[in-house]
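Chemist: Sharing a structure, written as structure tokens. Questions coming.
The values are calculated or read from the model by the stated rules, or taken from the named source; none is laboratory data. What you are looking at is a predicted structure, and each value in this text was computed from that prediction instead of being measured. Positions of Cβ are generated from backbone atoms using ideal geometry, with glycine treated the same way; all protein chains shown enter the neighbour counts.
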Amino acid sequence: MKKTELMVIGAGPAGCSAAIYAVRAGVQTVIAGGAMPGGQLLQTSEIENYAGFIDPVGGFDLMERMHKQCKRLGVEILPDEVASIEGSKSPYTLTMQGGEQYQADAVVIAAGAKARWLGLKGEDKFKGHGLSACATCDGFFMRGKEVCIVGGGNTAFEDALFLAQFCTKVNLIHRRDGFRADQVTVQQAQSNPKINMVLNSVVEEIVGAERVEGVKVKNVKTGEITQIPCSGLFVAVGAVPQTDFLKNSLVALADNGLVLADERTHTTLPGIFAAGDCADKYYRQAIIAAGSGAKAGIEAAAFVNLHRK
Ligand SMILES: Cc1cc2nc3c(=O)[nH]c(=O)nc-3n(C[C@H](O)[C@H](O)[C@H](O)COP(=O)(O)OP(=O)(O)OC[C@H]3O[C@@H](n4cnc5c(N)ncnc54)[C@H](O)[C@@H]3O)c2cc1C
């Protein structure tokens, strides 16, 4: 069995930041990065809200910089994923998908999340071409245009209010006429003249040659199909934390799969920390993932340095 002082699970912004802070605190650090290290940002071509970049930076470019920075500082990035974690106290045993085993004094879980999409035919073709799962990230590119957003929870309503600030019209499409979002936010959206509620309705099809040009919407009560012209379709139906590999471990998860961690990133097990989208109910943004990764790196380094024999 191989040994490391710290194993970071995931080479997205959270994992890289955790590794950078830990290795600079003198802790031997390995990242399990998987076959395609980089995380969700690899899916986007333009990031305009990551501080420090005057012009938009490509997702691949940003992650490549983080990986090079990690390596320069002495972090090893493994091309393998963690399949399981065993133990109730440090050191923990991590089994990789390839079968290799590591013993780690501390662990940072930074496994991220995956956006939930609608599962429509041809959906992939429109991702990044008007179809987005992140209004905070891509909404600004839709200024002066009409858009649609799908969902009935707080994220959908907050996103609708955000988009209404600079889009000409926001059609909020929801399959029911009741909402999971809180009452105050619902009322704000209902009284906003730019937000049009399209209720009891589901998106049947995205229309467009190269980019989103509209959506076909079916009223689930009447069966009627209407077409709404729009330049952007935002899907706000939730994200799935990538934490299945923890289900047989002793790390506590919330019902929705998020890792339970406190504001200092400590999970329920000593020496195991969690950062980024896999533990974030609210924000799911790269700079926030990087910030919480930094916290986890500081905490993990303190843990290792305190318990080092
Ligand atoms: C299309 C799109 C556009 C976006 N645009 C922006 C934007 O403009 N600005 C912004 O701030 N945010 C944006 N985001 C959100 C941003 O990408 C995330 O908030 C951020 O990447 C979260 O970082 P993370 O490190 O927590 O997780 P991730 O980026 O998801 O990285 C986690 C990594 O861990 C890996 N992993 C999972 N399980 C394991 C395992 N068992 N072992 C090893 N590795 C594992 C995953 O494969 C992944 O590579 C966008 C997201 C998407 C999907």
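Chemist: Of the numbered conditions (1) in contact (Cβ under 8 Å) with a residue 12 or more places away in the chain; (2) more than 25 Å from Pro56 (Cα to Cα), Val184 fails exactly one; give the number of that condition.
Modeler: That leaves (1) as the condition not met.
Chemist: How many residues are closer than 17 Å to Ser17 by Cα and over 15 Å from the mean Cα position of the chain (by Cα) when one looks only at the stretch 30-49?
Modeler: Here is the first cut: in the stretch 30-49, the ones closer than 17 Å to Ser17 by Cα are 30-34, 37-42.
Narrowing the set further to residues that are over 15 Å from the mean Cα position of the chain (by Cα) leaves 30-34.
Qualifying residue count for the region: 5.
Chemist: Name the residue, out of Ala51, Ala32, Ala11, Ala25, that is more than 8 Å from the ligand (Cβ to nearest atom), in contact (Cβ under 8 Å) with a residue 60 or more places away in the chain, buried (at least 16 other Cβ atoms within 10 Å of the Cβ) and among the small types (Gly, Ala, Ser). Break it down stepwise before answering.
Modeler: Working: Ala51 fails: buried (at least 16 other Cβ atoms within 10 Å of the Cβ); Ala32 fails: more than 8 Å from the ligand (Cβ to nearest atom); Ala11 fails: more than 8 Å from the ligand (Cβ to nearest atom).
Selected residue: Ala25, the only one of Ala51, Ala32, Ala11, Ala25 that is more than 8 Å from the ligand (Cβ to nearest atom), in contact (Cβ under 8 Å) with a residue 60 or more places away in the chain, buried (at least 16 other Cβ atoms within 10 Å of the Cβ) and among the small types (Gly, Ala, Ser).
Chemist: For a quick check of your reading: which strands (runs of 3 or more DSSP E) sit entirely within the stretch 206-309 and have at least 2 residues that are exposed (fewer than 14 other Cβ atoms within 10 Å of the Cβ), over 19 Å from the mean Cα position of the chain (by Cα) and away from the ligand (no atom under 14 Å from the Cβ)? Walk me through it before giving the result.
Modeler: Numbers: elements: 214-219, 225-229, 232-235, 239-241, 272-274.
Counting at least 2 such residues, we get 225-229.
Chemist: Which of the residues that make up the stretch 59-77 are surrounded by 15 or more Cβ atoms within 10 Å (Cβ to Cβ) and part of a loop (DSSP other than H, G, I, E, B)?
Modeler: Val75
Chemist: Then there's this: In the stretch 73-124, how many are within 14 Å of the ligand (Cβ to nearest atom) and of a type in the set (Lys, Arg)?
Modeler: Matching residues across the stretch 73-124 total 2.
Chemist: Another question about this same structure. Starting from the stretch 122-143, take each residue that is under 22 Å from Ile287 (Cα atoms) and assigned by TED's automatic domain parsing to the domain that holds Val212 and list its partners that are of a type in the set (Asp, Glu) and near the ligand (Cβ under 10 Å from one of its atoms), counting only C-beta distances under 6 angstrom and pairs at least six apart or across chains.
Modeler: Filtered contacts from the stretch 122-143: Ser132/Asp138.
Chemist: So which residues in the stretch 54-90 are free of Cβ contacts under 8 Å to residues at least 40 places away in the same chain and not charged (D, E, K, R), if there are any at all?
Modeler: Applying the first criterion (free of Cβ contacts under 8 Å to residues at least 40 places away in the same chain) to the stretch 54-90 yields 54-61, 64-65, 68, 71-72.
Residues satisfying the conditions are Ile54, Pro56, Val57, Gly58, Gly59, Phe60.
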